[in-house]
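Trainee: This is the structure I want to talk about, given as structure tokens.
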Amino acid sequence: MKYALVTGGSRGIGRAICVKLAQMHYFVLINYKSNFSEAQRTLEIITEQGGKGALLPFDVEQPDEIAAALADWQQQNAESYIEVLVNNAGIRRDNLMFWLTNDDWRSVVATNLDGVFYITRDLLKYMLHRKFGRIINIVSISGINGLPGQTNYAASKAGIIGLTKALALETAKKHVTVNAIAPGFIETDMTKDLNVEELKKLVPAQRLGTPEEVAELVGFLTSENASYITGQVISISGGL
Ligand code: NAP
């Protein structure tokens, strides 16, 4: 059995990625923070389709919680390792910089950027030892171009892009690829408070993307066919 871990797999883009990886015959570890019922729903979708998975809750901000959850899993699965890691969990707390509180800054950077470091560091040694791994980080076009009201979010995503490029250079010779996917506007809970009709006008494709479209790209980057792609940031944004 091959194992994949998707952070923030309870909803939105993460759920679609979990379903896609299960269709690719991975046993999917569905991480979430607090939304048990939605995480359970992701698992139900997977099992209804004949796939396999399990819930693995932890808060990506908490290194001790992450280390304990991963060590526990590793102990129970001593012969296996997690060969695909999708760092997808993320939050946004938008405001113009002069209104941003210390907590708005800290929580967004802690969830989006610090979490990627803690989890990736803990799983990397197994990938390097087994000489195969796929790390896919979900960033945002905001981390490439910036968006007003998102200095905290854009900084966190730009930080992940730097991590992606540097880590790819460290791991390429061990067949561990590290890439980032930068979605534009995707229909999920994260965008439901935004004015969708106004957003559509900004997008050359004149629509929002779907979580499934992002998941297809994750599926490709996970596959053997993507072995020579590493250190890249690939946008999926309808031309935005
Ligand atoms: P979403 O629907 O709001 O779902 C967020 C997911 O992250 C949930 O599963 C949530 O778990 C999990 N999460 C949040 N904080 C966490 C924490 N501290 N520890 C563990 N899990 C945590 O978001 P989405 O739209 O699918 O976004 C997924 C990723 O894509 C994010 O990194 C986001 O920045 C990025 N992105 C989204 C868009 C977009 O337009 N939607 C565009 C560009 C980039 P619970 O259910 O337990 O809360």
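The values are calculated or read from the model by the stated rules, or taken from the named source; none is laboratory data. All values derive from a computational prediction rather than experimental measurement. Cβ placement follows ideal geometry from the backbone for every residue including glycine, while neighbour counts extend to all protein chains displayed. For accessibility, only protein heavy atoms count, side chains too; no ligands or nucleic acids. Shrake-Rupley method; radii C 1.70, N 1.55, O 1.52, S 1.80 Å.
Trainee: Among Leu208, Leu240, which is the only one that is under 17 Å from Met190 (Cβ atoms) and at pLDDT below 95?
Mentor: Of Leu208, Leu240, the one residue that is under 17 Å from Met190 (Cβ atoms) and at pLDDT below 95 is Leu240.
Trainee: Consider only pairs whose beta carbons are under 8 Å apart and that are at least six residues apart or on different chains; among these, list those whose first residue lies in segment 215-240 and is over 21 Å from Thr171 (Cβ atoms) and whose second residue is of a type in the set (D, E, K, R) and part of a loop (DSSP other than H, G, I, E, B).
Mentor: From residues that are over 21 Å from Thr171 (Cβ atoms), the pairs are Gly238/Arg207.
Trainee: Now, a different point. When segment 90-108 is examined, which residues are found to be open to solvent by 30 Å² or more (accessible area, probe 1.4 Å), among the β-branched types (Val, Ile, Thr) and under 27 Å from Arg15 (Cα atoms)?
Mentor: Answer for segment 90-108, where residues must be open to solvent by 30 Å² or more (accessible area, probe 1.4 Å), among the β-branched types (Val, Ile, Thr) and under 27 Å from Arg15 (Cα atoms): just Ile91.
Trainee: Looking for whichever is farther than 23 Å from Val176 by Cβ and more than 18 Å from the chain's Cα centre (by Cα) here; the options are Leu55, Leu96. Which one fits?
Mentor: Leu96
Trainee: Take the conditions farther than 22 Å from Tyr26 by Cβ, within 16 Å of the ligand (Cβ to nearest atom) and open to solvent by less than 20 Å² (accessible area, probe 1.4 Å) and apply them to Ala182. Does it pass?
Mentor: yes
Trainee: Which is part of a helix (DSSP H, G or I), among the β-branched types (Val, Ile, Thr) and within 23 Å of Val108 (Cβ to Cβ), of Ile160, Ile181?
Mentor: Checking each option against the conditions leaves just Ile160.
Trainee: Still on this structure, I have one more. Within segment 32-42, take every residue that is of a type outside the set (D, E, K, R) and touching a helix residue (DSSP H, G or I) at 6+ places or on another chain (Cβ under 8 Å) and give me the one that is farthest from the ligand (Cβ to nearest atom).
Mentor: My answer is Thr42.
Trainee: Go through the residues of segment 43-57 one by one and say whether even a single one is within 8 Å of the ligand (Cβ to nearest atom) and either open to solvent by less than 20 Å² (accessible area, probe 1.4 Å) or of a type in the set (D, E, K, R) (or both).
Mentor: There is no residue in segment 43-57 that is within 8 Å of the ligand (Cβ to nearest atom) and either open to solvent by less than 20 Å² (accessible area, probe 1.4 Å) or of a type in the set (D, E, K, R) (or both).
Trainee: Being touching a residue at least 24 places away in the same chain (Cβ under 8 Å) and assigned to a helix (DSSP H, G or I) is true for just one of Lys173, Lys201, Lys165. Which residue is that?
Mentor: Only one candidate qualifies: Lys165.
Trainee: Mind listing whichever residues of segment 118-159 are over 16 Å from the mean Cα position of the chain (by Cα), hydrophobic (A, V, I, L, M, F, W, C) and within 12 Å of the ligand (Cβ to nearest atom)?
Mentor: Across segment 118-159, the qualifying residues are Ile144, Leu147.
Trainee: With a cut-off of at least 2 residues that are under 27 Å from Lys20 (Cβ atoms), name the helices (runs of 4 or more DSSP H) lying wholly within segment 36-149. Break it down stepwise before answering.
Mentor: On the way: elements: 36-48, 63-76, 102-109, 115-130, 142-145.
Once the helices (runs of 4 or more DSSP H) in segment 36-149 are filtered for at least 2 residues that are under 27 Å from Lys20 (Cβ atoms), what remains is 36-48, 63-76, 115-130, 142-145.
Trainee: So in segment 152-166, with the set limited to residues that are crowded, with 22+ Cβ neighbours inside 10 Å and of a type in the set (A, V, I, L, M), which one is farthest from Val218 (Cα to Cα)?
Mentor: Here the answer is Ala154.
Trainee: Within segment 76-95, is even one residue within 16 Å of the ligand (Cβ to nearest atom), closer than 25 Å to Gly184 by Cα and of a type in the set (Asp, Glu)?
Mentor: Within segment 76-95 (the criterion being within 16 Å of the ligand (Cβ to nearest atom), closer than 25 Å to Gly184 by Cα and of a type in the set (Asp, Glu)), the answer is yes, since at least one residue qualifies.
Conditions tested, residue by residue: (1) touching a Gly at 6+ places or on another chain (Cβ under 6 Å); (2) under 18 Å from Asn88 (Cα atoms); (3) within 15 Å of the ligand (Cβ to nearest atom); (4) open to solvent by 80 Å² or more (accessible area, probe 1.4 Å).
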position	(1), (2), (3), (4)
Leu169	no, no, no, yes
Ile186	yes, yes, yes, no
Asp193	no, no, yes, yes
Gln206	no, no, no, yes
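Trainee: Report the residue count in segment 109-119 for those that are surrounded by fewer than 18 Cβ atoms within 10 Å (Cβ to Cβ) and of a type in the set (Ser, Thr, Tyr).
Mentor: Number of matching residues: 0.
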